[in-house]
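Report on the following structure.
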Amino acid sequence: MIGFFDSGFGGLTVMKSVVERLPSYDYYYLGDNARVPYGTRSARLVYEFTRQAVDYLFREGCPVIVIACNTASASALRRIQQEYLPRVWPKRRVLGVVRPSAEAVVERGGRSVGILATEGVVTSNAYITEIHKLDPSVHVVQQACPLLVPIVEAGEHDRPVADAAVAAYLESLFEQADRLDTILLACTHYPVLKSQLERHVPPGVEIVEQGPVVAEKLEDYFKRHPRLENMISRKGKRIFRTTDSCDRFDRLAGMFYGEFISSELVRLEGAS
Ligand code: DGL
């Protein structure tokens, strides 16, 4: 199974794209809905929560995990890869969404790039760092959008409040750079707001979503790591677990995943 982890529902947007591109593998999704949002929490807590999720998914039998959450990818992934895995899970792999998204932006020729993300991701500067590792001449500006995740989580994405919030954040983003050619939706929840974003983004600016990018990069990663790829089961399994109410998860998950989901409750080590 390929494990997918997110702070809540949002990672389902990423997993959906991966399942569409690579349907033969088994998938195991874990959403930490009891503790969402991660975007406003300290890096220390995000690391601790992410480590618990990684332990859970490995124990359930996933040889590889995709951290679909940008906040966790930005604040916890490097430490997990460099310190935790070599010590505790040396044969398993954890991948994130920041590096593949940064690569996609640069490969598409972005020269002036706007990042929309949570406060945690913006504070970490992870996207600026990764994009500049690939091409230091790319101009990058970022805008934290703390209202967007709660609006989407509340199912209010089709209401005027969503449109107003998107417009205000885009205005702040464009105030930082005269001309942008690319906007990266660096948060799992923002694809749900794509029509509002498209309404307020000037023509000619490319909006990059992470789902298709992660799917393409993961396929490529498996080609380069056949031993790991061979360890992934293929029995048509789709497992969904949440740390909070299954009823609510099943009701709202369709908005992110596009089809009916039946989840089960799980308690992560250390969660209250
Ligand atoms: N999954 C988070 C991300 O992509 C958004 C929700 C949260 O703040 O936990 O950054």
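Any read-out appearing in this document is the output of simple, stated calculations on the displayed coordinates, not a laboratory observation. For clarity, every value in this text was computed on a predicted model and none was experimentally measured. All Cβ positions, glycine included, derive from the backbone under ideal geometry; neighbour counts span all protein chains shown.
Listed values, structure above:
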| quantity | calculated |
| --- | --- |
| Subset of Lys133/Lys237; Lys194/Lys223; Lys16/Lys223; Lys194/Lys235 violating a 28 Å alpha-carbon distance limit | Lys133/Lys237; Lys194/Lys223; Lys194/Lys235 |
| Length released on extending from Ala164 to Asn230, taking residue separation times 0.36 nm less the Cα-Cα span | 19.0 nm |
| Full-stretch length increase - Arg267, Arg44 - with 0.36 nm per residue and alpha-carbon distance subtracted | 78.3 nm |
| Computed label-point distance, nm, for sites Ser195 and Arg111 using a 7 Å Cα→Cβ extension | 3.4 |
| FRET efficiency, Leu147 to Asp55 (Cβ-Cβ, R0 45 Å, nearest 0.05) | 0.90 |
| Tilt relative to the chain, helix 210-224 - C-alpha long axis, 0 to 90 degrees, to 10 | 50 |
| Computed helical MRE - 222 nm, the chain, DSSP H runs ≥ 4 contributing -39500 (n - 2.57), nearest 500 | -13000 deg cm²/dmol |
| Loop-located trypsin sites (Lys or Arg not before Pro) in the stretch 88-195 whose Cβ has at most 11 other Cβ within 10 Å (DSSP) | Lys91, Arg179 |
| Efficiency of FRET between Thr123 and Ile207 - r from beta-carbon atoms, R0 22 angstrom, step 0.05 | 0.45 |
